[in-house]
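Single-structure report; data block below.
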Amino acid sequence: MKTRQSDIKTEKNAIRSSIRRHLLTLSDSSKDAFSEKITKSFLTSEILHTLKSLFVYISEPSEVNTRHLIKLALESEIKVYAPKIMNNHMSAHRLVTTDDLRPGKWGILEPPMAICSPIHIDLVITPGLAFTKEGTRLGRGAGFYDRWLANNSYGHAMGLAYDITLVNNLPLAQNDIQIDKIVTEKRFINCRAERAQISNLVV
């Protein structure tokens, strides 16, 4: 078992290095344009209008930009939550305005400390270095989102991704949580449907 886990970790690290090299080929203007298309695709799906609560990552320069999406959600009076890391644990904290964001662990912007955590969140938007269309997600290796998804109540989980970060296969460890939808600048993917199609083929 330990050998298999070690193999998966090694394989994941190799994929992370490969994806990071691919991301370096994207100019800032391309990332901005792709992020705008991804946000528009998300809004066209009208998912935002069905939400009462949203847990969303605060984007870094290499990631799909979530700032406009967060702004629209706040303007729509949706309860917005963002990740905060404390003692190697990630929790969802209420974000009332992006002006409240401050650098946290590793310099990533975080919301202020909240008095209470949400009981249920309608939609979780996760970051990721790579995804498969079946919803397998490759993060940075800390496991924060997998642990949060495994231990909290939510409706759906979604990834925002540049299309070049979609891959055919990713190693899936026992603790990895697959997501339900992916939006790229080129397509909107229903991961649950993709997994169901594979299950039907196997049967």
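The values are calculated or read from the model by the stated rules, or taken from the named source; none is laboratory data. Given the structure is predicted, the values throughout are model-derived calculations rather than measurements. Note that each Cβ is placed from the backbone with ideal geometry, even for glycine, and that neighbours are counted across all protein chains shown.
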Check: Would it be correct to say that ILE198 is loosely packed, with under 13 Cβ neighbours inside 10 Å and out of contact with any helix residue (DSSP H, G or I) (no Cβ under 7 Å at 6 or more places or on another chain)?
Finding: yes
Checklist line | Hits in the stretch 66-80 (condition: crowded, with 19+ Cβ neighbours inside 10 Å and under 19 Å from GLU185 (Cβ atoms)) | finding: THR66, LEU69, ILE70
Note to self: I'm told VAL64 meets every condition in (1) closer than 18 Å to THR39 by Cβ; (2) touching a Leu at 6+ places or on another chain (Cβ under 7 Å); (3) not in a loop (DSSP other than H, G, I, E, B) except one. Can you identify the failing condition by its number?
What the structure shows: (3)
Notebook entry, point to check: Just a yes or no: is a residue in the stretch 65-80 among the β-branched types (Val, Ile, Thr) and over 27 Å from ILE119 (Cβ atoms)?
Noted result: no
Margin query: Being farther than 19 Å from LEU54 by Cβ and either surrounded by 12 or more Cβ atoms within 10 Å (Cβ to Cβ) or touching a Ser or Thr at 6+ places or on another chain (Cβ under 7 Å) (or both) is true for just one of ASP176, ASP180. Which residue is that?
Written below: ASP176
Next item on the list: Return yes when SER41 is under 30 Å from ASN169 (Cα atoms), free of Cβ contacts under 8 Å to residues at least 40 places away in the same chain and either more than 19 Å from the chain's Cα centre (by Cα) or assigned to a helix (DSSP H, G or I) (or both) and no when it is not.
Entry: no
Notebook entry, point to check: Does the stretch 114-151 hold any residues that are outside any loop (DSSP other than H, G, I, E, B), of a type in the set (A, V, I, L, M, F, W, C) and closer than 14 Å to ASN175 by Cα, and which are they?
Noted result: LEU138, PHE144, TRP148, LEU149, ALA150
Check: Any idea how many residues of the stretch 1-23 are free of Cβ contacts under 8 Å to residues at least 24 places away in the same chain and closer than 19 Å to LEU160 by Cβ?
Finding: 0
Next item on the list: Could you check, for the stretch 129-143, whether at least one of its residues is under 13 Å from TYR81 (Cβ atoms), modelled with pLDDT of 95 or more and touching a Ser or Thr at 6+ places or on another chain (Cβ under 9 Å)?
Entry: no
Notebook entry, point to check: Looking at the stretch 67-100, which of its residues are assigned to a helix (DSSP H, G or I) and not charged (D, E, K, R)?
Noted result: HIS68, LEU69, ILE70, LEU72, ALA73, LEU74, THR98
